[in-house]
1. Pick out the one residue from Gly163, Gly138 that is of a type outside the set (Ser, Thr, Tyr), open to solvent by less than 30 Å² (accessible area, probe 1.4 Å), modelled with pLDDT of 95 or more and closer than 27 Å to Pro240 by Cα.
2. Between Pro306, Pro316, which is part of a strand (DSSP E or B) and open to solvent by less than 20 Å² (accessible area, probe 1.4 Å)?
3. State all residues of region 81-94 that are closer than 21 Å to Asp143 by Cα and open to solvent by 30 Å² or more (accessible area, probe 1.4 Å); if no residue qualifies, say none.
4. Could you list, in sequence order, all residues of region 436-485 that are surrounded by 15 or more Cβ atoms within 10 Å (Cβ to Cβ) and on the phi > 0 side of the Ramachandran plot?
5. Among all residue pairs at least 6 apart or on different chains, which show Cβ distances below 8 Å where the first residue, located in region 47-64, is of a type in the set (Ser, Thr, Tyr) and the second is open to solvent by 40 Å² or more (accessible area, probe 1.4 Å) and not in a loop (DSSP other than H, G, I, E, B)?
6. Which residues, counting only those in region 321-339, are open to solvent by less than 50 Å² (accessible area, probe 1.4 Å), without any contact (Cβ under 8 Å) to a residue 40 or more places away in the chain and either in a loop (DSSP other than H, G, I, E, B) or of a type in the set (Ser, Thr, Tyr) (or both)?
7. Take Ile603 and decide whether it is farther than 22 Å from Leu529 by Cα, at pLDDT 80 or above and either of a type outside the set (A, V, I, L, M, F, W, C) or assigned to a helix (DSSP H, G or I) (or both).
8. Quick one: is Pro208 out of contact with any helix residue (DSSP H, G or I) (no Cβ under 7 Å at 6 or more places or on another chain), farther than 16 Å from Ala164 by Cβ and either of a type in the set (Phe, Trp, Tyr) or modelled with pLDDT under 90 (or both)?
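The values are calculated or read from the model by the stated rules, or taken from the named source; none is laboratory data. Model, not experiment: these values are computed from the prediction. Cβ placement follows ideal geometry from the backbone for every residue including glycine, while neighbour counts extend to all protein chains displayed. Quick note on the areas: whole protein, heavy atoms, side chains included, nothing else; ligands and nucleic acids left out. Shrake-Rupley method; radii C 1.70, N 1.55, O 1.52, S 1.80 Å.
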Amino acid sequence: MPKTKSHATSGGCHIRGKISAYLSIAFLIITAFTNLLSAQTTYTSVANGNWASAATWDGNGVPPTPIPPGDVVIVNNVLSSTSLITNQGVINITQAGNGGLDLYSGAILTNSGTINVNSNTFGSALGISTGATLENDGLITVDGGTQFSTLRITGGTLNNNSGATLDLSYALGTIQNAGGLFNNLNGGQVNIGPSSQFNVLFFSQMIPFFNNSGIVELEGFMFLGNELLMNSVGSFENLPGGIINIRNETNTTMQLDDATLNNQGTIYQDGGVLRLGQNGSLINSNGGNYVQVDGNLTGLGNIDSPTLMTSSQFSPGSSVEDYNLTLNGNYQGMGMMQIYINNANKDIPKLSATGTADVTADTLEIAGFGFTPSLGITAELFTAAGGITGPFSSVEYHPFFPSPGAGLQYEIIYEPTRAYLLVVAPPTAICQSVTASVDSSCEAIVSADQFDGGSTDPEMDMLSFSASPAGPYAVGTTNITLTVSDGVGSDQCNTSVTVNDDILPIVTCTSPIIFLDENNMATITAADLTSSITDECGILGTTLSQSSFDDNDLGPQMITVTATDNNGNMGTCVASATVTSMPAGIPTLSQWGLIILSISILILGVLFLQQKFYFHEISS
């Protein structure tokens with residue numbers, strides 16, 4: 001027993017020793033972690049100069065490479081670098097002192113942490129010049145506040161790698177790509193928030209590129225082109241797997257001025273505006289797909305696409321200038337085509353398609369100011385070299401579009417490869433009512449021109465007529481709308497057609513013999529006296545001048561059969577019938593019953609006797 005107690009005491013001490021050791025280790029870990037936190041450093045610039053120069057920074061010196069997680073670098077001045085910078089912490093390029101960081105040839109900034117470019121004064125910037133590279137594996141935010149903060153790519157390269165985010169989520173943040181290369185790689189994301197701007201600008205003959213195989217979320221403004229130097233070439237490559245989402249936010253716009261958007265991925269527009277300038281191009285190739293759910297596709301320039309399908313608003317051409325949009329492919333309209341017409345552009349087709357154009361599911365809205373209509377004037381809408389399938393499902397005129405004038409109207413004219421607006425003086429429709437009789441089908445066929453009561457046309461053009469409903473017409477009165485067209489304009493008037501059933505039923509009688517029964521009575525129907533009763537509109541019923549007979553009616557009888565059709569017309573015939581008693585020797589119906597009953601009793605009696613004889617033989 002003492003030994004057992006001594007063993008238990010020893011084990012308890014051993015356990016308490018382990019707990020004490022564990023607590024010591026935990027204390028050391030906490031102490032080390034606290035020291036680590038206290039070791040985090042903030043580096044602040046104090047003067048313009050080179051990133052690698054100690055004179056540029058406060059007492060903490062030049063930020064190390066890499067900048068550790070948790071360390072913060074504050075750039076309040078204009079700094080430059082031609083060397084390697086690796087960031088795992090946070091770099092803030094701030095408004096104080098209009099800070100900026102310019103990467104020059106040889107500089108490589110690799111970011112797996114966070115870079116914030118933010119300013120409430122004009123001009124804070126992160127610049128990537130020729131020969132410099134920014135590799136983003138983390139987060140870069142460009143937040144302008146009330147002024148512009150800028151990420152400039154001026155000849156250098158920005159790679160937004162898989163898992164990385166470039167975020168312009170606040171007002172007046174701007175990316176300028178002037179002659180540089182911006183690669184948003186697969187898995188990377190670029191967010192252009194409301195009121196933010198993404199500008200691919202170029203001020204010389206250099207070719208700036210934006211290659212996207214990741215995701216671009218556009219809720220602000222994206223501009224590709226050059227307002228200062230015309231006919232320069234800019235390119236936005238949306239590569240296979242790349243997605244550009246043009247979202248439904250106020251003022252969301254993607255504008256291609258002097259630039260080409262080569263789309264091999266997906267452009268998804270559920271709002272905003274996709275606008276092409278005079279020298280802008282949208283090219284769908286290698287399976288590239290433009291999907292419009294909402295918003296407006298508008299502008300000039302060129303679209304290359306096997307089939308351009310629109311499901312919302314499509315506004316080709318210019319509202320004020322004589323420029324048009326060229327489509328190298330087919331057009332399939334499923335939404336609304338909006339055409340602006342004025343005196344300056346009326347002779348230019350707003351859309352020129354090299355393929356076909358199907359507008360049967362499209363609504364046409366005609367808008368614009370400065371158009372002066374007069375009789376015979378035309379305004380081009382669109383052309384399709386491969387042929388037009390029309391008409392539009394409906395045509396609307398904007399409230400501000402001028403009316404054609406007194407006695408005139410607008411007509412949309414569809415030719416095999418051309419559609420245009422024409423101001424016409426329509427014919428004057430004059431109607432007359434029509435009365436007709438039923439045919440063998442109890443209806444009447446009336447041609448549309450029979451409703452014409454002397455319609456006229458100011459140009460003396462040949463008129464054509466169409467009636468609605470077109471018939472055939474049933475008995476009674478039907479209201480008719482007559483449309484009179486001269487091939488360009490049209491007019492309508494209202495009238496009616498009255499169809500009468502004036503055909504009597506045809507009744508054909510026979511000469512039957514009517515036999516009285518054993519009670520000297522007989523009752524007949526029309527079927528007993530006729531071989532046929534016919535009428536185009538059907539028979540409602542028949543009556544007989546006499547249908548019951550007795551022995552007082554023996555001999556010849558003249559019986560009138562009257563048939564009434566469904567419209568109240570009556571036809572008759574007279575049957576010459578002979579009423580006679582049942583011939584002698586021919587049993588009456590009651591007599592036939594007695595005969596059948598007697599025979600049945602006789603048969604049953606014979607069967608009974610046979611059965612009785614059979615059982616007698618067996619028993620004996």
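1. Gly138
2. Just one listed residue meets the conditions, Pro316.
3. Gln88, Val90, Asn92
4. Of everything in region 436-485, those that are surrounded by 15 or more Cβ atoms within 10 Å (Cβ to Cβ) and on the phi > 0 side of the Ramachandran plot turn out to be Cys442, Gly471.
5. Every condition considered, the pairs that remain are Thr56/Asn50.
6. Asn324, Thr326
7. Yes, satisfied.
8. It is true that Pro208 is out of contact with any helix residue (DSSP H, G or I) (no Cβ under 7 Å at 6 or more places or on another chain), farther than 16 Å from Ala164 by Cβ and either of a type in the set (Phe, Trp, Tyr) or modelled with pLDDT under 90 (or both).
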